[in-house]
């Protein structure tokens, strides 16, 4: 498990390449964060974990994430693509008001997308779901 916090992209000196490692729990996520890697130990992204992170452009998810709680990424207006291959549940409002979100990809584990999970994602044009259970 990584300790959490910022790591520098290899061979780069500028702040734009810093990656924040999210380890969950009560860890504070800086408001000016731009790039995030979710630590492999994280199974659930907690309510409001990335709420109103207006500069967030990239999140590296792993396949072991099972649940994204309410408003976890609410108002992350610059986030453009998410790949959620292991996620089973997306709770209400999880990505609400992510105006820049254009693409979402789910894996075969997906079971539930709750109400308003992608409300006001006005740029969303691609939603990939490999299987749907009725």
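Listed values, structure above:
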| item | result |
| --- | --- |
| Filter result (under 14 Å from residue 61 (Cα atoms), part of a loop (DSSP other than H, G, I, E, B) and in contact with a strand residue (DSSP E or B) (Cβ under 8 Å, 6 or more places away or on another chain)) within the range 81-115 | 85, 87, 88, 107 |
| Residue within the range 5-20 that is at pLDDT 95 or above and within 13 Å of the chain's Cα centre (by Cα) present | yes |
| Matching residues in the range 14-48 - criterion: being assigned to a loop (DSSP other than H, G, I, E, B) and within 21 Å of residue 97 (Cβ to Cβ) | 29, 30, 31, 32, 33, 34, 46, 47, 48 |
| Any hit, the range 49-62, residues being more than 24 Å from residue 17 (Cβ to Cβ), in a loop (DSSP other than H, G, I, E, B) and over 11 Å from the mean Cα position of the chain (by Cα) | no |
| Selection within the range 116-134 - at pLDDT 95 or above, in a loop (DSSP other than H, G, I, E, B) and on the phi < 0 side of the Ramachandran plot | 117, 118, 119, 121, 122, 123, 124, 125 |
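The values are calculated or read from the model by the stated rules, or taken from the named source; none is laboratory data. Bear in mind that the values here come from a model prediction, so they are computed numbers and not experimental data. Reconstructed Cβ throughout: ideal geometry from the backbone, glycine too, with neighbour counts over all protein chains shown.
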